[in-house]
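S.K.: Here it is, the structure in full.
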Amino acid sequence: MNKAFNLENIRKDFPILDQEINGSPLAYFDNAASTQKPKAVIDAIKNYYEQDHSNVHRGVHTLSVRATELYEESRTKIAKFINANTSNEVVFTRGTTESINVLASTLSGLIKQGDEILISTMEHHSNIVPWQELCIRTGAILKIIPINKLGELQLDSLEKLLGKKTKIISVTHISNTLGTINPIKKIIELAHLYNAYVVIDGAQAIAHTPIDVQDLDCDFYTFSGHKLYGPTGIGVLYGKENLLNKLPPYQFGGEMILKVTFENTSYNSLPYKFEAGTPNIAGSIGLAAAIDYLNSLPLNLCHQYEMEIHDYALDQLKSFSNIRLIGESHKKSPIISFIANDIHPHDVGTILNQKGVAVRTGHHCTMPLMEFFNISGTIRASFSFYNTKNEVKQLIGGLGIAFKMLS
Amino acid sequence: MDKKLQLLYQSTILEHGQDPRNFGKPDRYDEFAEGFNPLCGDKVNIYCKYNFNLELEITFESVSCVICTASASLMTTELGGISKGKAIELIDAVLDGLHCSTLNQKPLSKQLTMLDGVKEFPSRIQCAALPWATTRKAMIESETRLE
Ligand SMILES: Cc1ncc(COP(=O)(O)O)c(C=O)c1O
């Protein structure tokens, strides 16, 4: 059980890291946007297409049986990874965005005019716009849980916002812009006092903290495979079985039906009710391979190490007097957002890229949050367990050059 | 220092980016448009007015990166004092140069060919193009309003 953390070996598992960008070694600090893929994931997808591919749940022939087994095995692995009660509670989607859209669309039926939906200031656009649309359709009211200057959710304000009319609370577990870790267990507890459903946007959290949906008692949890070292185009909507059973299907077609006549159609059981059409089979297999890979690592040590890199970078950044941190929550994940006096993030990003350093600049799909801090964007470095202190030094060196050029 | 970077952030660009010409909102203007780059959140407001000779006076306000600000600043110095028709021609030549060919091949002033450095940075072409496209929008939309 006592696996050691071996950075050198881990880096060898990620072929993409070993390359030069504009003549410098790549330093990849855009992990919050998407993580890189270990060879195990790439191989799993390749093997699937080379040996096992066919459509799922449809054929009696061997390949179809194999593909179906692999697809369902992936579901089971994911269910275990988040400690779902049964694999019926794991619905495959394209990603977090689609998972939230499924919910905002299918929960509509339970919402009346004047009901209230709560989200927070720090949400990603994908956890804002679907709810706005739901409100337009149903006449419900969108209310915003405020944050403080450190970028922490204000729980006392949440308690004041909660009431009989509150039907849904949808908040992010970890902010992709600020790195704030929200106290979602407490939020869920509070929401349930008012019988409100809780949707958690786990896009960022899934790669940086263990998730136990039963312990959290959350109604719905959503995440994307590509932020968990898996492929793009695959994601998960977790929902408590009794709740998913209550909701209507999201899309209609093949796979999600039980019996179709021209007069009447009955729907399939969970989770297929929510999986119309041929699914992303290779994606699910890739995601399961990512989970297997993560399970082969000392995951808690990986998470610890990411924070060490974060703390080191934070310390190094202090050598610049022109930097203002955006997001200084007491509980943080390995994401650092900052701005530099009068220097536009975009210009810094271009110069860093010329030095091989990949950071994200801009609003990170959180425009209302930018408005709260009265800025147009930030420079964001987000870390993974495959990053090194030398890469952080490369970032700091690049920033020095950028600031010199631009001021 | 990196050649491509030097070309992108050459001294004229940096100078215009940090100390833009014709910056601000006039009391009175004939045409206005707001430009927005959803990728990075940059904003540009363009104000056009025409004097009694129908020559353009153009100013802008922006929250934007060096490339976008410099491009806007250079644009105002180029478009100031010419007719609307000529201005649209020049705008189209620049936008075409940024998106398709190179600015060097166009009959443009030396100042404007400086924006060519941006072509080495595909992700930044939008930054340079935004003020020009916004001015075009201001001019065209005001015509449709009049009709
Ligand atoms: C907090 C958060 N929510 C939602 C999303 C959307 O994820 P996806 O684009 O994979 O659907 C992201 C990804 O950027 C995110 O960081």
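Since every read-out is calculated from the coordinates, none of them should be taken as a lab result. The shown structure was predicted, so the numbers you read here are calculated from the model rather than taken from an experiment. In this analysis, Cβ positions are derived from the backbone assuming ideal geometry, glycine residues included, and neighbour counts consider all displayed protein chains.
S.K.: Remind me, relative contact order of chain A in percent, using alpha carbon pairs under 8 angstrom and six or more residues apart?
M.R.: 23 percent
S.K.: Give me the net charge for the shell around A:A402: Cβ to Cβ below 10 angstrom, other residues only, Lys and Arg +1, Asp and Glu -1.
M.R.: Values: positive: A:K355, A:K404; negative: A:D347.
With Lys, Arg at +1 and Asp, Glu at -1, the net is +1.
S.K.: For chain B, just say rounded, prolate or oblate: build the C-alpha gyration tensor, square-root its eigenvalues into a ≥ b ≥ c, call rounded for a/c under 1.5, and beyond that prolate if a/b exceeds b/c, oblate if not.
M.R.: On the way: a/c = 1.73, a/b = 1.56, b/c = 1.11.
Prolate shape, in that a/c is at least 1.5 and a/b is the bigger ratio.
S.K.: What FRET efficiency comes out for A:I144 versus A:S34 if R0 is 45 angstrom and r is the Cβ-Cβ distance? Round to the nearest 0.05.
M.R.: Between A:I144 and A:S34 the formula returns 0.95.
S.K.: Counting trypsin sites (Lys or Arg not before Pro) as exposed when in a DSSP loop with at most 13 other beta carbons within 10 Å, what is the longest stretch of chain A free of them?
M.R.: Working: sites that count: A:K3, A:R58, A:K112, A:K149, A:K164, A:K318, A:K331.
That would be A:165-317.
S.K.: Roughly how many nanometres apart are two label points built 7 Å out from the Cα toward the Cβ at B:K3 and B:F23?
M.R.: 3.3 nm
S.K.: If the reach is capped at under 18 angstrom between alpha carbons, list the lysines near A:K112, excluding any in the same chain fewer than eight residues apart.
M.R.: A:K143, A:K164, A:K165, A:K167, A:K246
S.K.: Straight-line reach from B:K86: which aspartates and glutamates fall under 12 Å, measuring Cα to Cα and dropping same-chain residues less than 8 apart?
M.R.: Those aspartates and glutamates meeting the cut-off are B:E55, B:E78.
S.K.: Which residue fluctuates most in the GNM of chain A (Cα springs below 10 Å): A:S266, A:S157, A:S376?
M.R.: Evaluated over chain A, the most mobile residue of the options is A:S266.
S.K.: Below 8 Å, C-alpha to C-alpha, sequence gap of six or more: please give me the relative contact order for chain B in percent.
M.R.: Normalised by residue count, the contact order of chain B is 29 percent.
S.K.: For n ≥ 4 DSSP H runs only, could you compute -39500 (n - 2.57) per run for chain B, divide by its residues and tell me the 222 nm figure to the nearest 500?
M.R.: Taken over chain B, the calculation gives -14500 deg cm²/dmol.
S.K.: Put +1 on the Cβ of each Lys and Arg and -1 on the Cβ of each Asp and Glu in chain A; which of A:I100, A:L258, A:N387 then has its Cα farthest toward the positive end of the dipole?
M.R.: Going by the Cα projections, it comes out as A:I100.
S.K.: Label the protein assembly as shown by shape, choosing from rounded, prolate and oblate, from the square roots a ≥ b ≥ c of the eigenvalues of the Cα gyration tensor; if a/c is under 1.5 it is rounded, and otherwise prolate applies when a/b is larger than b/c, oblate when it is not.
M.R.: On the way: a/c = 1.81, a/b = 1.52, b/c = 1.19.
Taking the square roots of the gyration eigenvalues as a ≥ b ≥ c, the protein assembly as shown is prolate.
S.K.: Roughly how big is the protein assembly as shown's charge dipole about its Cα centre, with Cβ charges of +1 (Lys, Arg) and -1 (Asp, Glu), in debye to the nearest 20? Before the final figure, lay out the partial values.
M.R.: Working: 53 positive and 60 negative charges, 67 e Å.
Value, rounded to 20: 320 debye.
S.K.: Simple spin-label model, 7 Å along Cα-to-Cβ: A:E73 to A:E20 in nm?
M.R.: Roughly 4.2 nm, to one decimal.
S.K.: Below 8 Å between Cα atoms, with a sequence gap of 6+, how large is the relative contact order for segment A:273-372 in percent?
M.R.: Numbers: 42 pairs, mean separation 14.9, N = 100.
Relative CO of segment A:273-372 lands at 15 percent.
S.K.: Still on this structure, I have one more. What are the lysines whose alpha-carbon lies under 27 Å from the alpha-carbon of A:K3, with same-chain residues fewer than 8 places away excluded?
M.R.: A:K12, A:K37, A:K39, A:K77, A:K80, A:K227, A:K331, A:K332, A:K389
S.K.: Sketch the reach of a paramagnetic label on A:S108 as a point 7 Å from Cα along Cα-to-Cβ, and name the residues of segment A:135-163 whose backbone nitrogen lies under 13 Å away.
M.R.: It comes to A:135-140, nothing else.
S.K.: Taking every residue in B:37-49, how many Cβ atoms of other protein chains lie within 10 Å of its Cβ, on average?
M.R.: Values: counts 3, 4, 5, 9, 12, 6, 1, 0, 0, 0, 0, 0, 0.
Going residue by residue through B:37-49 and averaging, the value is 3.
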